[in-house]
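Peer 1: This is the structure, below, for whatever I ask next.
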Amino acid sequence: QVQLVESGGGLVQAGGSLRLSCVASGPIFTINDVGWYRQAPGEQRELVARIISGATTIYAESVKGRFTISRDDAKKSVYLQMNSLKPEDTAVYYCNAVIRRASSPWDYDYWGQGTQVTVSS
């Protein structure tokens, strides 16, 4: 069974940094688009950053210049480096990946369980 597991969340003061990691496991043939999303209490889940078509990165306006998404295909991993954190970045962060399983002609959308990021003022 394919799974995504996030780590690296925690409590940090405003202006600080955190690095989130997401590792995929299971019968994976290829990992296509990957991304990070977040959901604050009472809010909709929103895109934070995404890598599409292998190399093109897109970012939410609110995180441009502060967050960097990257991937290591050999490690089946996706990362989110978050710098200059603000209290409004507080949310549960979710990893997302479009994965083609071994022995399947179809791509499937997978989500991690989420990791809490709390930024204190």
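Peer 1: Restricting to strands (runs of 3 or more DSSP E) lying wholly in the stretch 62-121: which have 2 or more residues that are among the β-branched types (Val, Ile, Thr)?
Peer 2: Ranges flagged: 67-72, 91-101, 115-120.
Peer 1: Filter the stretch 1-31 down to residues that are without any contact (Cβ under 8 Å) to a residue 60 or more places away in the chain and part of a strand (DSSP E or B) and give me whichever is least open to solvent (accessible area, probe 1.4 Å).
Peer 2: This residue is 21.
Peer 1: If you don't mind, there's one more thing I want to ask. Counting only residues that are modelled with pLDDT under 95 and small (Gly, Ala, Ser), which one in the stretch 89-120 is nearest to the chain's Cα centre (by Cα)?
Peer 2: Once the filter is applied, the top-ranked residue is 102.
One line per residue, one yes/no per condition, for (1) in contact with a strand residue (DSSP E or B) (Cβ under 9 Å, 6 or more places away or on another chain); (2) open to solvent by 30 Å² or more (accessible area, probe 1.4 Å); (3) under 22 Å from residue 11 (Cα atoms); (4) among the basic types (Lys, Arg):
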site	(1), (2), (3), (4)
45	yes, yes, yes, yes
48	yes, no, yes, no
58	yes, yes, no, no
71	yes, yes, no, yes
74	no, yes, no, no
79	yes, yes, yes, no
89	yes, no, yes, no
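Peer 1: Which of the numbered conditions does residue 34 fail, given that it passes all the others? Conditions: (1) open to solvent by 40 Å² or more (accessible area, probe 1.4 Å); (2) within 12 Å of residue 110 (Cα to Cα).
Peer 2: (1)
Peer 1: For residue 54, only one of the following conditions fails: (1) open to solvent by less than 60 Å² (accessible area, probe 1.4 Å); (2) touching a residue at least 24 places away in the same chain (Cβ under 8 Å); (3) outside any strand (DSSP E or B); (4) not hydrophobic (A, V, I, L, M, F, W, C). What is its number?
Peer 2: Checking residue 54 against (1) open to solvent by less than 60 Å² (accessible area, probe 1.4 Å); (2) touching a residue at least 24 places away in the same chain (Cβ under 8 Å); (3) outside any strand (DSSP E or B); (4) not hydrophobic (A, V, I, L, M, F, W, C), the one that fails is (2).
The values are calculated or read from the model by the stated rules, or taken from the named source; none is laboratory data. Remember, predicted model here, so these are calculated numbers, not experimental data. Note that we place each Cβ from the backbone using ideal geometry, even for glycine, and neighbour counts take in every protein chain shown. Surface areas here come from the heavy atoms of the whole protein model, side chains and all, with no ligands, DNA or RNA. Shrake-Rupley method; radii C 1.70, N 1.55, O 1.52, S 1.80 Å.
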